[in-house]
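Below is one structure; the comments refer to it alone.
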Amino acid sequence: MKNCLECGEKIVGREDKKFCSDSCRNAYNNKINKDSTNYMRNINNKLRKNYRILSELNVEGKTKTTRAKLMSKGFDFEFFTSILHTKTGNTYYFLYDQGYMILENDYYMLVKKDI
């Protein structure tokens, strides 16, 4: 007999089962997938907030906005997931598939990557 990975109860059913119930399976996976530290959780929250702001402002897939508008919504320019340097010398900062490029006079070009 096998025991549940979460609660240790004996498992009845299929031979390859690992959990005695859906609630044990969910509890086990939630423990594994939770952010392990407050530091990680805070960074992930900032990334999510930045992504949400870009998504709200960039409905069309490509648009222009100001630094003041981004900052008024709480955008934090220190947090992004990747940087793309183009052959033409432009630099884009991305949060997953949403990105921005710095333009002149505190303007920003918002773009969305085709995935």
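The values are calculated or read from the model by the stated rules, or taken from the named source; none is laboratory data. Keep in mind it's a predicted model, so treat the numbers as computed, not measured. Backbone-built Cβ (ideal geometry, glycine too); neighbour counts: all protein chains shown. These area figures cover heavy atoms from the full protein model, side chains too; ligands, DNA and RNA do not enter into them. Shrake-Rupley method; radii C 1.70, N 1.55, O 1.52, S 1.80 Å.
This table checks each residue for (1) farther than 19 Å from Ile43 by Cβ; (2) surrounded by 10 or more Cβ atoms within 10 Å (Cβ to Cβ); (3) out of contact with any Pro (no Cβ under 6 Å at 6 or more places or on another chain); (4) in contact (Cβ under 8 Å) with a residue 24 or more places away in the chain.
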position	(1), (2), (3), (4)
Leu57	yes, yes, yes, yes
Leu70	no, yes, yes, yes
Phe77	no, yes, yes, no
Thr88	yes, no, yes, no
Gly99	no, yes, yes, yes
Leu110	yes, yes, yes, yes
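Of the helices (runs of 4 or more DSSP H) that lie entirely inside the stretch 14-98, those containing 3 or more residues that are in contact with a Leu (Cβ under 9 Å, 6 or more places away or on another chain) span 22-33, 38-57. Within the stretch 1-40, being of a type in the set (A, V, I, L, M, F, W, C) and open to solvent by 80 Å² or more (accessible area, probe 1.4 Å) holds for Met1, Leu5, Val12, Ile32, Met40.
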